[in-house]
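First up is the structure itself, then whatever we jot down about it.
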Amino acid sequence: MKWEGNRESNNVEDRRDDPGGGGTGSSGGLLGGRSIGIGTIVVALLGGWIFNINPMTILSLLSGGAPPAQIQQQPTGQRAPVPHSPADDRMAKFVRTVLADTEDVWKDVFAKGGATYKEPRLVMYRGQTGTGGCGAGQSAMGPFYCPSDQKVYIDLAFYETLTKRLGAPGEFAQAYVIAHEVGHHVQNLLGISAKVDEMRGRVSKAEYNALSVKLELQADCFAGVWAFNANNSRQILEGGDIAAAMNAAAKIGDDALQRSAGGAVVPESFTHGSSAQRQKWFETGLKTGSVKACDTFSARNL
């Protein structure tokens, strides 16, 4: 992926040296008020491997079936900041550059539709941090988007997990993760996320799961829209990039999670979509560059 030398975003908060965890967490539910981030699925998968628990059970708990995790703040000065390695600094630069690219793309897309794009902020942290209304942010949750404060949260150590533990290497795969979370921000701005959240408790669990799948697949499609437009404007794609992103999408499908636990695949329990569905909708956005083409809620076949 060609990214070096491109503009870096100023909408980044670097909390990696904050010994107190970057502020206090909300008293609300762990996932209250936000869509589940792409990394939450990864947590479920790793948890299933390590503890021999069905990953979908873990995912259910992370979706609101358990009390919120509490951040135990340590007194200032008790924990010394961990120096950034050269690899961390390069990754931070990469994240700022990809975020800037999403800003440029979505600003143009919104302007063509007669609207103004409000840029999200991205928080880089280490271990744990507070959020503005979405509970305690912890590295074990993976990257996520909080609509309450309109921020994307990421512990850069996640990318090592993505590469070494999940077998999804490549810079474009890493960019796809950021673009997916920014896709949730776009949904928030368009009012889509709020409409889905309003249905919580008003429909059956299976019906709400189906809505959640459509929301996540649309975010995948929006990630593809970003890639299409960014490549048209700045020729960012290199050989193997698309395959790397498709591989990452495949690794985090709900069916892949269930198979990893050695159990049966139960589509009714899906909350993010199958590997094939995630690949399909990312590819839809990548091929068309069209927001309208990402209407997963009207699609007959996901």
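Figures for the structure shown
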item: Options Glu216, Glu238: the member that is among the charged types (D, E, K, R), in a helix (DSSP H, G or I) and within 19 Å of Gly289 (Cα to Cα); result: Glu216
item: Cross-chain or 6+ apart pairs with Cβ under 9 Å, region 110-132 first and charged (D, E, K, R) and outside any strand (DSSP E or B), then crowded, with 23+ Cβ neighbours inside 10 Å and modelled with pLDDT of 95 or more; result: Lys118/His185; Glu119/Leu99; Glu119/Thr102; Glu119/Trp106; Glu119/His185
item: Counted residues, region 129-155 - those being within 24 Å of Cys221 (Cα to Cα), surrounded by fewer than 21 Cβ atoms within 10 Å (Cβ to Cβ) and among the aliphatic types (A, V, I, L, M); result: 0
item: Residues located in region 211-237, provided they are among the small types (Gly, Ala, Ser) and surrounded by fewer than 18 Cβ atoms within 10 Å (Cβ to Cβ); result: Ser233
item: One residue from Lys151, Lys164, Lys214 being under 23 Å from Thr296 (Cβ atoms) and basic (Lys, Arg); result: Lys214
item: Given (1) modelled with pLDDT under 90; (2) among the aliphatic types (A, V, I, L, M); (3) over 28 Å from Glu4 (Cα atoms); (4) in contact with a helix residue (DSSP H, G or I) (Cβ under 6 Å, 6 or more places away or on another chain), index of the condition Ala245 fails; result: (3)
item: Members of region 199-241 found to be touching a residue at least 40 places away in the same chain (Cβ under 8 Å), out of contact with any Cys (no Cβ under 8 Å at 6 or more places or on another chain) and among the aromatic types (Phe, Trp, Tyr), listed by number; result: Trp226, Phe228
item: Residue check for Thr163: assigned to a helix (DSSP H, G or I) and among the β-branched types (Val, Ile, Thr); result: yes
item: Neighbours by Cβ (under 9 Å, 6+ apart or cross-chain): first from region 271-297, more than 13 Å from Ala245 (Cβ to Cβ) and of a type in the set (Asp, Glu); second at pLDDT 95 or above and in a helix (DSSP H, G or I); result: Asp295/Gln218; Asp295/Cys221
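The values are calculated or read from the model by the stated rules, or taken from the named source; none is laboratory data. Worth saying up front: this structure is predicted, and the values here are computed from it rather than measured. Glycine also receives a Cβ, built like all others from the backbone with ideal geometry; neighbour counts cover every protein chain displayed.
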